[in-house]
Amino acid sequence: MNGQSRNHTPEAKSIGAEAYRLAAELYPICRSITGNGVRDSLGIVSQRIPLQIREVPTGTPVFDWTVPKEWNIRDAYVKDPLGKKIIDFKDSNLHVVNYSIPVHETIPLDQLKEHLHTLSDHPDWIPYKTSYYKENWGFCLSHRQLGTLEEGDYEVFIDSELEEGHLTYGELFIPGQLQDEILVSCHICHPSLCNDNLSGVSLATLLGERLLAQPNRYSYRIIFIPGTIGAITWLAMNREAAARIRHGLVISGVGDSGGFSYKKSRRGNAQIDRAFAHILQHSGQEFALHAFSPYGYDERQYCSPGFNLPVGRLSRTPFREYPEYHTSADDLAFISPEKLGETFGVVWDVFRLLENDGLYVTRNPYCEPQLGKRGLYDTIGDNEMAMLWVLNLSDGEHTLLDMAEESGLSFGRVQQAAELLVEHSLIVKHDEFQMTINAIRT
Amino acid sequence: MNGQSRNHTPEAKSIGAEAYRLAAELYPICRSITGNGVRDSLGIVSQRIPLQIREVPTGTPVFDWTVPKEWNIRDAYVKDPLGKKIIDFKDSNLHVVNYSIPVHETIPLDQLKEHLHTLSDHPDWIPYKTSYYKENWGFCLSHRQLGTLEEGDYEVFIDSELEEGHLTYGELFIPGQLQDEILVSCHICHPSLCNDNLSGVSLATLLGERLLAQPNRYSYRIIFIPGTIGAITWLAMNREAAARIRHGLVISGVGDSGGFSYKKSRRGNAQIDRAFAHILQHSGQEFALHAFSPYGYDERQYCSPGFNLPVGRLSRTPFREYPEYHTSADDLAFISPEKLGETFGVVWDVFRLLENDGLYVTRNPYCEPQLGKRGLYDTIGDNEMAMLWVLNLSDGEHTLLDMAEESGLSFGRVQQAAELLVEHSLIVKHDEFQMTINAIRT
Amino acid sequence: MNGQSRNHTPEAKSIGAEAYRLAAELYPICRSITGNGVRDSLGIVSQRIPLQIREVPTGTPVFDWTVPKEWNIRDAYVKDPLGKKIIDFKDSNLHVVNYSIPVHETIPLDQLKEHLHTLSDHPDWIPYKTSYYKENWGFCLSHRQLGTLEEGDYEVFIDSELEEGHLTYGELFIPGQLQDEILVSCHICHPSLCNDNLSGVSLATLLGERLLAQPNRYSYRIIFIPGTIGAITWLAMNREAAARIRHGLVISGVGDSGGFSYKKSRRGNAQIDRAFAHILQHSGQEFALHAFSPYGYDERQYCSPGFNLPVGRLSRTPFREYPEYHTSADDLAFISPEKLGETFGVVWDVFRLLENDGLYVTRNPYCEPQLGKRGLYDTIGDNEMAMLWVLNLSDGEHTLLDMAEESGLSFGRVQQAAELLVEHSLIVKHDEFQMTINAIRT
């Protein structure tokens, strides 16, 4: 069982199409940081991968935070003075400010306006708003529609509940040869937003599905959590698992048409950071690497100083840098099967790199071995150069990734050369234990 | 007592005007490396700050050197063949070569010319010349005047003394909470030269005055010394004080209209070096950073290998890079209140940084604390970013300066965030003892 | 005995002419990795330097390799159908594929062509081909001539022997004050090829001659070996000597008109690497520095991971980057006395640097010593700057090369300043033992 056979890259195109279909299925659900929207979404994901569903009661202390009340909503609308529904939750779940408390009253336009949110820059889009930690209610609508509202009394109705309940998240653990884990984390707390939320959820699901279908060296843990409070809750309840994370990835905003952007872990030079840099450099795709900063998605929590986990974040266009962010325009047209497929390919290549990376020791440390008598010598091409590099750096101190970085060759080519040299008993792989020690040290 | 209250930046404009007036008051005095010119100058400085005046006898061995004879001068002139005074010490003390021995004789023009110094490139300027360690005499004059001298016998007269006496320097020590010291050193040995000498003396005086007016964490030592021999003498006689210097600054050539130039200490990355780099980067002013070299002002002595003190040098246009250097054109018109004020501001900001820098430890190392419940959460702006950076890097290993460097935010903003977080008991300052240890390690 | 007297640079021009004459004398000989061609060449070299000739029997195991059979050739030709010699070994020894087994038969053109090698891109040149480890025979000729061959039967004759014998190499050991060695290695296995082979052989000979003529601090070992198998054989049989190598150089391809290219050792920052970088930077000549890669000349063996010796390679145009490489156009017109002389100068300067490099300790660590009273103070020029740098960095932790690098001054100037300061008892050289320790640590 070598690295290639256990890690054959699935076809990006079909994966992209599957991911897109899954996102489309999840799109209509009104998710929030708690409630049935999350449960329903996890239910759909569970049709593909055997998720463990966790329910954490309201009021549970999680570090400096407390699990909030659970929010659920059935219906909501605004009727104009003539009794016509002009804003309807059934048209778009973005119309209601997420975590709105129940309300049912008739109020004049001026008073209503205090609860309305629009985007003057993008008059046709509905903004996405939340009010998690301050009890309030509100509606979001297009700026154009706001302009049409006439004086008079409006009936507002929000049929929601904000009560003791649970915070729900899903978790898939795939045991590997090693107890050391690779973490994939995505947020599942946004309503009908595709790039921000569903692109990560659907790719994480397909990653899990494909990883389940093969033996792996590392154990994998894929978590589907509400942003911030979910990551904090998971970390608070999983200190031991967190200690086993050797590499981790927050995946979000990975379906739009922009180039890749990888944000490094707080450590700055963790193996996952180097792996993404290497794979992206050799991907032929546009990309940018960003230093860690304490603002963003859930890497904020994984990289808090007490954890300081080697967790980076993969996105395409960074959040807030595209106007569709947190609006109704982040819809199914904003993401594409093609881009989802490309993203899957990059993450898969990184996992393949991490799976296959390792230290090697040459059996011929003194002078080159004679390749010719083993039929390995040909005209000097990239394959022979890869062999020479691997032989020269198989000193027990250079990983394959080190070799790829030093030689400028791709990890795949270096790995292939190493496998050929192992077959010919010219080098031997350092034992797994040592590799683990090395990963811990990173 | 927080960093802000104890370090409020005085108004740069009025400071600049005060510094300029002090320079103007010191300008006419004929200073040298010893003698009454230094004493008179220190007397004027003493009207503002309580200087200790030190007198070190001629012949005192100081490391490889010996304190020289004391030089004093009362008058000097050259009379032309018609008996007319054509060069007069009273017009400009630059006319006499500094440390000229007494002379009174009548000599022909050819012989006189061997003792005359001019600047052919700048025919209207009088050069500044010295002969400290080789007994000689001479006059300096404009190249234009030299061209007008006719054949004949000239009467030369220098009423000077070069005798056993003392080397004089002034010292202000301002005790702080810590025994650790910040050193400010300026040379006070040049006659009527403004940028080279008086700009440093006057700013050092005002720094002392302002530091005296407030409590400080560090102790400060400000020394007004003749260049080279003075620094060597001070170091020879103050080995214990030298050992307490945590940060140091040679200040000279800081009143001209050029951009700032900071020359790093021999260590290259001392805290003072990083502090100046940071403050200058955020100052909005033109500046250049220079690596240490063993030529220059008294940083040569402070950074000799046995001491290797963390002492840098602040100048504007580096000496020798402006034509007015060491000529009569380095006069009161060459410096300005505005530039003196700007320089004061930069040094003050550096001191404020050093005073307020420190290590912090978060009380919530695991995941972010909830800012919202403490009223600290708003829309994400620079202030909130500063809070997030401080929280993330308050791991007991990053100083505020580290945080400012990593975040790209100004030290002031980072410090403000830290103070707010301390107020809310979210982080605690590492104890002073640890900070001292850290400073020693730099 | 100071560094200058023991290392006066011989006149590059006359050295270049001597090296060229030696290359011309060696040019006609048909060398290979074994055989009388190598013996005859070493015989010519021995007329100038007292070489030890080593004979290693066929079949001797050397690490992963085995010393091959010895090859000798007396004559070879191809006769056309009319019986006319159209290819004659006596015209050019490149005509015969090196290591061709004996053959004498008459074969039709088609069959002959399977054994013919030409260069279509350079139709007038004869390529250089070998078949060391696969028994075969062949002829090389110009592509133009190939085109003139008509159908018919050709007589091919190769009067060679491939039998049990020896691998021959030459070695010059020049004992110095230290047991620590500097290695010079050149390959001597190519037939009539000038840049690739003879330029290195002739310069190595002249380096040996000049080093013999003077006392040296380091011991020198100059080896003339067949490429690859020779270096492997030497290393296998000289493990103790290899352990004493502190600096080493593979010299090859150093007579063409291109700029210099220095390939760093696997260590990347060995003293020899820094020395070449420094000397080339100050040489005023065009040059490029290359990182180590595991492909090239015998640095491949010296830098195999078990040895990891500080051995770099000096070339001019890198092999394979000039079309004349491994063709009859790499002849005496392709190299020049002038370029050989320049190369000698660069290597000599590097040796002079290594010989004279060292740690110094100032006797005046506290403040600068007074240069004036020792007559060392003048106007500040480069010489005085060099003195100030040496004084400041004579802290027992900076070598002269460190000082040259930090100051930007040339090693020669820094060395001169150090010698002057030693003469005036201002600094003392660290003892040789410490220097050795330091070299080992590199």
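Alpha-carbon geometry of chain C: the Rg and the Dmax are 25.1, 93 Å, given in that order.
Per residue of chain B, the DSSP helices (runs of n ≥ 4 H) give a summed -39500 (n - 2.57) that works out to -9500 deg cm²/dmol at 222 nm.
Please list, by residue number, every one of the trypsin sites (Lys or Arg not before Pro) in the range A:1-103 that is coil in DSSP and has at most 12 other beta-carbon atoms within 10 Å. Write out the running numbers ahead of the final one.
Working: sites: A:Arg6, A:Lys13, A:Arg21, A:Arg31, A:Arg39, A:Arg48, A:Arg54, A:Lys69, A:Arg74, A:Lys79, A:Lys84, A:Lys85, A:Lys90; in loops: A:Arg31, A:Arg48, A:Lys69, A:Lys84, A:Lys90.
Passing sites in the range A:1-103 are A:Lys84, A:Lys90.
Sequentially through the range C:139-151, phi angles give Karplus couplings (6.51, -1.76, 1.60; θ = phi - 60°) of 10, 10, 8, 6, 5, 4, 5, 3, x, 8, 6, 9, 4 Hz, Gly and Pro residues having no value and appearing as x.
Across the identical copies, the label point of C:Leu146 (7 Å from Cα in the Cβ direction) is separated from its matches by 7.9, 8.0 nm, in order from shortest. Of the residues C:Thr34, C:Thr168, C:Thr106, which exhibits the maximal mean-square fluctuation in a Gaussian network model of chain C defined by a 10 Å Cα contact cut-off? Evaluated over chain C, the most mobile residue of the options is C:Thr106. Within the shell of other residues whose beta carbon sits under 13 angstrom from the beta carbon of C:Glu161, the net charge comes to -4, with Lys and Arg scored +1 and Asp and Glu -1.
Copy A relates to copy B by a rotation, and the A residue whose beta-carbon is nearest that axis, with the distance in whole angstrom, is A:Asn269, 11. When the Cα positions of B:Ser92, B:Asn136, B:Gln52 are compared along the charge dipole of the range B:21-173, B:Gln52 comes out farthest toward the positive end, with charges on each C-beta of Lys, Arg, Asp and Glu.
For B:Leu167, the amide hydrogen comes within under 5 Å of the amide hydrogens of B:Val56, B:Thr58, counting only partners 5 or more places away or on other chains and with H modelled in the peptide plane. For chain A, the longest principal axis of the alpha carbon atoms and the long axis of helix A:36-46 meet at an angle near 30°. Cβ under 13 Å from A:Leu409's Cβ, A:Leu409 left aside: what net charge do those residues give with Lys, Arg +1 and Asp, Glu -1? Result for the local shell: -4.
About its Cα centre, the range B:70-163 has a charge dipole of approximately 240 debye under the convention of +1 per Lys or Arg Cβ and -1 per Asp or Glu Cβ, with nothing else charged. Comparing A:Cys367, A:Cys30, A:Cys303, which has the greatest mean-square fluctuation in the GNM of chain A with Cα pairs linked when under 10 Å apart? Its mean-square fluctuation being the largest, the pick is A:Cys367. In terms of its alpha-carbon gyration tensor, the protein assembly as shown comes out oblate; a/c meets the 1.5 threshold, while b/c is at least as large as a/b. Each Lys and Arg contributes +1 and each Asp and Glu -1, all at the Cβ; summed about the Cα centre of chain A, the dipole is approximately 1020 debye.
When you filter the GluC sites (Glu not before Pro) in the range B:159-202 for DSSP loop state and at most 13 other Cβ atoms inside 10 Å of their Cβ, you are left with B:Glu164. The angle between the Cα long axis of helix B:271-281 and the main principal axis of chain B comes to about 90°, on a 0 to 90 degree scale. Distances from B:Pro215 to itself in the other copies, using label points 7 Å out along the Cα-Cβ axis, amount to 6.9, 6.9 nm in increasing order.
Under a no-solvent Debye model with one identical scatterer per Cα of the range B:70-163, what's log10 I(q)/I(0) at q = 0.12, 0.19, 0.24, 0.25 Å⁻¹? Values, matching the q order: -0.33, -0.84, -1.32, -1.42. C:Ala291 sits among other residues whose Cβ lies under 9 Å from its own Cβ, and their net charge, with Lys and Arg +1 and Asp and Glu -1, is +1.
Just give me a number: lysine pairs in chain C, eight or more positions apart or cross-chain, with C-alpha atoms less than 22 Å apart. Lysine pairs satisfying the spacing and distance rule in chain C number 15.
Magnitude of the Cβ-charge dipole of the range B:309-416, K/R +1 and D/E -1, about the Cα centre, nearest 20 debye? Can you show the working numbers first?
Numbers: 9 positive and 18 negative charges, 51 e Å.
Dipole of the range B:309-416, to the nearest 20 debye: 240 debye.
In order along the range A:236-248, the Karplus-derived 3J(HN,Hα) couplings, from 6.51 cos²θ - 1.76 cosθ + 1.60 at θ = phi - 60°, round to 5, 9, 9, 4, 6, 4, 4, 5, 9, 6, 9, 8, x Hz, and Gly and Pro are given as x. Less than 5 angstrom separates the built amide H of B:Ile427 from those of B:Arg363, B:Val422, all sequence-distant by 5 or more or on a different chain. Backbone amide hydrogens, once placed in the peptide plane, bring A:Ala288 within less than 5 Å of A:Phe260, A:Ser261, A:Tyr262, excluding anything fewer than 5 places away on its chain. Between C:Asp159 and C:Asp40, the FRET efficiency from the beta-carbon distance, with R0 = 22 Å, is close to 0.80. Cα centroid separation, the range C:201-215 to the range B:273-295: 50 Å.
Computed over chain C with a Gaussian network model linking Cα atoms closer than 10 Å, the most mobile of C:Leu371, C:Leu235, C:Leu280 is C:Leu371. In order along the range A:406-423, the phi-based Karplus estimate (6.51 cos²θ - 1.76 cosθ + 1.60, θ = phi - 60°) of 3J(HN,Hα) comes to 5, 8, x, 7, 6, 4, x, 5, 5, 4, 4, 4, 4, 5, 5, 6, 5, 4 Hz; Gly and Pro are listed as x.
Beta bridges assigned by DSSP with both partners in the protein assembly as shown are antiparallel in approximately 65 percent of cases.
A short reminder: the numbers here are calculations on the coordinates, not readings from a lab. All of these numbers come straight from a predicted model, not from anything done at the bench. Backbone-built Cβ (ideal geometry, glycine too); neighbour counts: all protein chains shown.
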